[in-house]
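The values are calculated or read from the model by the stated rules, or taken from the named source; none is laboratory data. Quick caveat, the model's predicted, so the values are computed rather than measured. Please note: Cβ atoms are built from the backbone with ideal geometry, for glycine as well, and neighbour counts cover all protein chains shown.
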Amino acid sequence: MRKKGNEIRKFWSLYVFIGIFGILSFVFGLYPVLKSIALSFNESSTVFTNPEFVGLKNYREILRDSYFWDSFKVTIFFTFVSVVLNLAVALILAQLLSYKGLGRSALIFKLCIFLPFIVPDVVGALVWKQFFNTNGALNQLLTLAGAQPVSWLNQRSTAIGVLVFVELWKHVGLYTIIFLTNYQLIDTTMYEAAGIDGANAWQRYRYITLPALRPAFILNAVYAFIQFMKTYSVSRLITFGGPNYATNFVSYYAYTKYEKMDFGGATAIATVLFAFIIVLTLISMKLGGDENEK
């Protein structure tokens, strides 16, 4: 008992910090999630006054809502394209930045690539909105070049592409740094041994580099999936879900419900999205873990 008491006194500061972190996580993390889920089972107009329990009514309504399913399909498409594009570009950038010939200038390139990630979402979205506006900088450049201006934000065929580009600019730096960190952990003697055995550049990349990057692939893919499934700010600030619901992501659709005082419906949509993300994330991590064990 005395030994155990001495250990507690020795690490008291650690327990204090863990306790503070646990309390803050519950107050600002777990409790709001649980409260939101609870609100989704109540009548919309009374959730903040005298909650009236209505069971699964809100869920039945959103599952019969064609706009919800349309927003879900748009979100899935946007997420798939964004995840693939971000990981592909990040992998290429990491490969380029790992080149030893860059020397000290590599740090400047890393800062330039990572900087957009720390730019506030609102600032970045508003700047790109002005850039892609009908009278924005991009169309002015096209006019100077003798081309016709394009309504980038007012056409279904281009609006979602603009958001994919903006999110790529915003997040690819983080994925690049994660890939690059994994690059630096690869034992270079493996490349030397493979070269002695006659392996060419592609074979060394395929059988040494890619397997070594598998943990980074899993981490980036899971994080990117979560990030893009809950995309909201670019839809809210740049396109307002348009044109013709082309960028009406699930998170933004839930927000429009909230604006209409449909609190029960909004929290039900958020809960469905939350559950979907959690399930697919766990499946991805399980599959990734099994692959690593092999």
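Yes or no, residue by residue, for (1) within 30 Å of Y232 (Cα to Cα); (2) touching a Pro at 6+ places or on another chain (Cβ under 7 Å); (3) not basic (K, R):
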| site | (1), (2), (3) |
| --- | --- |
| N139 | yes, yes, yes |
| A147 | no, no, yes |
| W152 | yes, no, yes |
| T158 | yes, no, yes |
| F165 | yes, no, yes |
| L168 | yes, no, yes |
| Y175 | yes, no, yes |
| I178 | yes, no, yes |
| E192 | no, no, yes |
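Conditions (1) in contact with a Ser or Thr (Cβ under 7 Å, 6 or more places away or on another chain); (2) part of a loop (DSSP other than H, G, I, E, B), marked per residue:
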residue: I208; (1), (2): no, no
residue: Q227; (1), (2): no, no
residue: L237; (1), (2): no, no
residue: N244; (1), (2): no, yes
residue: T256; (1), (2): no, no
residue: T267; (1), (2): yes, no
residue: A270; (1), (2): yes, no
residue: L282; (1), (2): no, no
residue: M285; (1), (2): no, no
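Could you please let me know if L102 is surrounded by 16 or more Cβ atoms within 10 Å (Cβ to Cβ) and on the phi < 0 side of the Ramachandran plot? Criteria not met by L102.
Taken together, L63, L85, L126, L111 contain a single residue that is surrounded by fewer than 18 Cβ atoms within 10 Å (Cβ to Cβ), out of contact with any strand residue (DSSP E or B) (no Cβ under 9 Å at 6 or more places or on another chain), under 19 Å from F240 (Cα atoms) and of a type in the set (A, V, I, L, M), which is L126.
Here N50, N6 are screened, and the one residue that is over 29 Å from Y245 (Cα atoms), outside any helix (DSSP H, G or I) and at pLDDT below 90 is N50. Comparison of L111, L153, L115, L141 shows that the only residue that is more than 23 Å from the chain's Cα centre (by Cα) and either modelled with pLDDT of 90 or more or not small (G, A, S) (or both) is L141. Sub-7 Å Cβ pairs linking a first residue in region 91-119 that is in a loop (DSSP other than H, G, I, E, B) to a second residue that is modelled with pLDDT under 85, at least 6 apart or interchain, are S98/Y183, ordered by first then second residue. Counting the residues of region 139-158 that are in contact with a Phe, Trp or Tyr (Cβ under 6 Å, 6 or more places away or on another chain) and of a type in the set (A, V, I, L, M, F, W, C) gives 2. Taking I177 as the residue in question, decide whether it is over 23 Å from M229 (Cα atoms) and either not small (G, A, S) or not in a helix (DSSP H, G or I) (or both). Judged against the criteria, I177 is not a match. The residues of region 180-202 that are assigned to a helix (DSSP H, G or I) and more than 17 Å from I92 (Cα to Cα), listed by number, are T188, T189, M190, Y191, E192, A193, A194, G195, I196.
Taking T239 as the residue in question, decide whether it is crowded, with 16+ Cβ neighbours inside 10 Å, without any contact (Cβ under 8 Å) to a residue 60 or more places away in the chain and of a type outside the set (F, W, Y). Considered against the rule, which asks whether it is crowded, with 16+ Cβ neighbours inside 10 Å, without any contact (Cβ under 8 Å) to a residue 60 or more places away in the chain and of a type outside the set (F, W, Y), T239 comes out as no. Going through region 207-225 one residue at a time, which ones are surrounded by fewer than 16 Cβ atoms within 10 Å (Cβ to Cβ) and in contact (Cβ under 8 Å) with a residue 12 or more places away in the chain? Matches in region 207-225: Y207, A212, R214, P215.
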